[in-house]
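Written out below as structure tokens is the structure these notes cover.
The values are calculated or read from the model by the stated rules, or taken from the named source; none is laboratory data. Only a predicted model underlies this, so the values are computations on that prediction, with no experimental measurement involved. Reconstructed Cβ throughout: ideal geometry from the backbone, glycine too, with neighbour counts over all protein chains shown. For accessibility, only protein heavy atoms count, side chains too; no ligands or nucleic acids. Shrake-Rupley method; radii C 1.70, N 1.55, O 1.52, S 1.80 Å.
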Amino acid sequence: MGAACAKVWFGLQRWVEVGTIQLPLDELIIDKEINPFVDKWEEEGQFPAHKVFKILGQAGFLGVDKPTEYGGMGLDFSYNIAVAEELGNIRCGGIPMAIGVQAGMATPALTRFGSHELKKQFLVPTIAGDFVACLGISEPGAGSDVANIKTTAVRKGDEYVINGGKMWITSGSQADWMCLLANTSEGPPHQNKSLICLPMNLPGIHVAKKIDKLGMRASDTAQIFFEDVRVPCKNLIGEEGKGFTYQMLQFQEERLWGVASALTPMETIIQETIEYTRQRKVFGQPVLHNQTVHFRLAELATEVELLRSLLHRAVALYVEGNDVTKFASMAKLKAGRLTREVTDSCLQFWGGMGFTSEVLVSRFYRDLRLMSIGGGSDETMLSIICKYMDILPRCQIFVDMKHSESLQLPAFCFSASLLKIHSFQMSSMEINPGTSRRHERNIEAIKCGSRRKKPGYNYSWEAQKRQRGSSMGCPTTLLID
């Protein structure tokens, strides 16, 4: 990192230390190197990621929680969250999001499970800001439903041959490498995926287009296709088939980072709304003097502080080594909904000015809307929380051995990746008339429409047998939970 280093106090003032002079991060970098150019980058639909990341890398802010052996600062994850909060002083949402991908979304699995050689090749230059990283998970038919991705990486000799495509890739048109999730076998969807470090300059990689978005306009978002892309097998992160598990771990840090990066913008919007409504007069008095206005602003400020407390609790538990999936999901859900409340309420108090592109509240009204969609939708967060509360509905489908032909069974509103299918082996002697009657009632319920079917989803015994192996006996019960 050279002469520049960082000293971060979680939850307090964040500072950059250069020699003997201490300056806040926002004064040294954000106010001088980023905010003066945000409007220009918003219009152009892209910020110069290599330039900005190099500045942040030299100051140590792209590897706060990464090992010192690879150029990081060796601090725990709470310091990364403190940096995320401070980056919220950037006057748009797209650039902090791209920094989050670089520092806390594309690299956690590589840091934790990658080989030493792989870290030297990809992690070191990413922390230094020499490489721009992107995360390749989402596809046109698989967003929050990660298990349903279709991109394949087929092993041929000492290489993987990759075919497929990725969608909504942050920094995709500028990236030097991608942390790619792909199917590397024909096994069960939670056990057939792997993470691969994919250089973006290989033959067969096509950046199809830069997507025109509602918000986050300063950050480029790309659709990318892969056509017989060959990458060495040594670029595999960790073990083959563990990619889904690794990505679920990465999601926890991504979601916590996202929550942290939204806190400061919400505070900024509330404060700027207070200042505007204090000087803007309607019917002879400041707008702020209306009880509806100042009460609502007080409510919003309270909600922001409650969200901050939930985030800090989740981060503290995470640093101690606990599973914080439930708390991270709760924080992500609350952040998505609260950002909408804050931006919508405050924009209303700006009146006609709030409907222009000249004020910050309108930009964050567009940018922060992504909080309820990206990194796991609100509905996915609710499903995860329900799962940890053990309140997800359960449905038992009884299938007679004589009815082993293809059968469309009812599906729920949850994505396929959240469904677990368990089969139980029973001999024909264990089947009783009640089982058949219950089976008939279930089939009748499907026919009459009281239970919804998922078109094209095949729960047939043949399909299950092909997926799970030929050693299975005939099923009599499929339990979907």
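Quick notes on this structure:
- Some residue of region 343-359 being touching a helix residue (DSSP H, G or I) at 6+ places or on another chain (Cβ under 6 Å) and closer than 16 Å to Val259 by Cα: yes
- The listed residue being surrounded by fewer than 24 Cβ atoms within 10 Å (Cβ to Cβ), under 19 Å from Ala260 (Cβ atoms) and among the polar types (S, T, N, Q), out of Asn89, Asn148, Asn163, Asn183: Asn89
- Considering region 131-154, the residues that are β-branched (Val, Ile, Thr) and within 13 Å of the chain's Cα centre (by Cα) include one that is modelled with the highest pLDDT, namely Ile137.
Listed here are the residues, each with its yes/no results for (1) touching a residue at least 24 places away in the same chain (Cβ under 8 Å); (2) out of contact with any helix residue (DSSP H, G or I) (no Cβ under 6 Å at 6 or more places or on another chain); (3) under 19 Å from Gly374 (Cα atoms).
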residue: Pro199; (1), (2), (3): yes, yes, no
residue: Ile211; (1), (2), (3): yes, yes, yes
residue: Leu214; (1), (2), (3): yes, no, yes
residue: Ala218; (1), (2), (3): yes, no, yes
residue: Ala222; (1), (2), (3): yes, yes, yes
residue: Phe226; (1), (2), (3): yes, yes, no
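- Exclusive hit being in a helix (DSSP H, G or I), open to solvent by 60 Å² or more (accessible area, probe 1.4 Å) and in contact (Cβ under 8 Å) with a residue 60 or more places away in the chain, set Leu306, Leu249, Leu263, Leu311: Leu249
- Selection status of Ser329, more than 25 Å from Met381 (Cα to Cα) and either at pLDDT 95 or above or not assigned by the TED database to the domain that holds Arg217 (or both): no
- Filter result for Lys213 (in a helix (DSSP H, G or I), closer than 29 Å to Pro48 by Cα and open to solvent by 20 Å² or more (accessible area, probe 1.4 Å)): no
- Complete set of residues in region 334-379 that are among the hydrophobic types (A, V, I, L, M, F, W, C), open to solvent by 20 Å² or more (accessible area, probe 1.4 Å) and either assigned to a helix (DSSP H, G or I) or over 19 Å from Gly94 (Cβ atoms) (or both): Leu347, Phe349, Trp350, Met353, Phe355, Leu370, Met371
- Residue in region 194-208 that is closer than 29 Å to Asp323 by Cα, touching a Lys or Arg at 6+ places or on another chain (Cβ under 9 Å), open to solvent by 10 Å² or more (accessible area, probe 1.4 Å) and outside the structural domain of Gly374 (by the TED database) present: no
Okay, residues lined up against (1) part of a helix (DSSP H, G or I); (2) of a type in the set (A, V, I, L, M, F, W, C); (3) open to solvent by 60 Å² or more (accessible area, probe 1.4 Å); (4) within 24 Å of Leu180 (Cα to Cα):
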residue: Ser219; (1), (2), (3), (4): no, no, no, yes
residue: Phe225; (1), (2), (3), (4): no, yes, yes, yes
residue: Glu239; (1), (2), (3), (4): no, no, yes, yes
residue: Glu272; (1), (2), (3), (4): yes, no, no, no
residue: Arg278; (1), (2), (3), (4): yes, no, yes, no
residue: Leu288; (1), (2), (3), (4): yes, yes, no, no
residue: Val293; (1), (2), (3), (4): yes, yes, no, no
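- Among the residues of region 92-127, those identified as hydrophobic (A, V, I, L, M, F, W, C), surrounded by fewer than 24 Cβ atoms within 10 Å (Cβ to Cβ) and in contact with a Lys or Arg (Cβ under 8 Å, 6 or more places away or on another chain) are Phe113, Leu118.
- Only one entry of Ala133, Ala142 meets the criterion of being surrounded by fewer than 24 Cβ atoms within 10 Å (Cβ to Cβ) and among the aliphatic types (A, V, I, L, M), and that entry is Ala142.
- Any hit, region 266-277, residues being touching a Ser or Thr at 6+ places or on another chain (Cβ under 7 Å) and within 23 Å of Ile373 (Cβ to Cβ): yes
- Enumeration of residues in region 141-165 that are closer than 24 Å to Arg217 by Cα and either touching a Pro at 6+ places or on another chain (Cβ under 9 Å) or free of Cβ contacts under 8 Å to residues at least 40 places away in the same chain (or both): Gly141, Ala142, Gly165
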